[in-house]
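Q: For reference, the structure I am asking about is given below.
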Amino acid sequence: MTTKQVVCPRTPEDIRRALERKPEWLQGFQQEWMAAATDFSGQALDEVLDRWHPFAVACATPGHMDEVEDMARRMSSGDTEGIVFYDDAGRAWTADNERVPERDDSH
């Protein structure tokens with residue numbers, strides 16, 4: 001199952017709204033945002049937005065959090081069949097740390 005990633009604007013209000021699905025993430029964002037705001041630092045506020053925006057996108061993407069939670073449940077029970085991870089270079093690996101051969105889509 002693959003989800004389509006949606007765009008979540010990088011504003012405090014949009015991030016807060018998206019994070020409502022994960023109350024512990026929302027609480028973390030709000031605490032960091034308030035701490036940065038009390039310092040009156042625009043750079044600190046931007047850093048909070050940079051840190052939490054990917055979490056907001058994950059929450060705003062239909063089905064993504066369900067996939068992540070299902071994968072975590074499966075892995076914690078030892079069921080890693082068919083789970084694939086990607087490294088920073090985009091290479092695919094199995095849960096047993098075996099490289100997944102690249103597909104040749106040129107045909």
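The values are calculated or read from the model by the stated rules, or taken from the named source; none is laboratory data. This structure is a prediction, so every number in the text was calculated from the model and none was measured. Please note: Cβ atoms are built from the backbone with ideal geometry, for glycine as well, and neighbour counts cover all protein chains shown. Ligands, DNA and RNA are excluded from the accessible area calculation, which covers all protein heavy atoms including side chains. Shrake-Rupley method; radii C 1.70, N 1.55, O 1.52, S 1.80 Å.
Q: Given the whole protein assembly as supplied and a 1.4 Å probe, what does the accessible area of residue 87 come to in Å², nearest 10?
A: Here the accessible area works out near 40 Å².
Q: Let me spell out the model: positive unit charges on the Cβ of Lys and Arg, negative unit charges on the Cβ of Asp and Glu, origin at the Cα centre of the chain. What dipole size does that give, in debye rounded to 20?
A: In total the dipole reaches around 300 debye.
Q: Tally Lys/Arg at +1 and Asp/Glu at -1 over every other residue whose Cβ is under 10 Å from the Cβ of residue 91; what's the total?
A: In short, -2.
Q: Assign unit charges at the C-beta atoms only (+1 for Lys and Arg, -1 for Asp and Glu), then state the dipole size of the stretch 52-101 relative to its Cα centre in Debye, rounded to the nearest 20.
A: Dipole magnitude for the stretch 52-101 comes out near 100 debye.
Q: With a Förster radius of 30 Å, plug the Cβ-Cβ distance of residue 103 and residue 46 into 1/(1 + (r/R0)^6) and report the FRET value to the nearest 0.05.
A: So, using R0 = 30 Å, E works out to roughly 0.20.
Q: Taking only Cα atoms and a 10 Å spring cutoff, compute GNM fluctuations for the chain and point out the largest among 50, 88, 39.
A: Highest fluctuation of the listed residues: 88.
Q: Modelling each spin label as a point 7 Å along the Cα-to-Cβ direction, I'd like the residue 39/residue 91 distance in nm, to one decimal.
A: Those two pseudo-labels are separated by 3.7 nm.
Q: Roughly what angle does helix 42-60 make with the longest principal axis of the chain, taking Cα atoms, 0 to 90 degrees, to the nearest 10?
A: 40 degrees
Q: Where does the longest stretch of the chain lie that holds no trypsin sites (Lys or Arg not before Pro) found in a DSSP loop with 14 or fewer other Cβ atoms within 10 Å?
A: My reading of the result: 11-90 is the longest stretch.
Q: Percent relative contact order of the chain, based on C-alpha pairs within less than 8 angstrom and at least six residues apart?
A: Across the chain, relative contact order equals 25 percent.
Q: Next question, about the same structure. Calculate, in whole percent, how much of the Cα-Cα pair population of the stretch 1-86 lies beyond 22 Å. Walk me through the intermediate numbers first.
A: On the way: 1343 of 3655 pairs.
Cα-Cα pairs in the stretch 1-86 separated by more than 22 Å: 37 percent.
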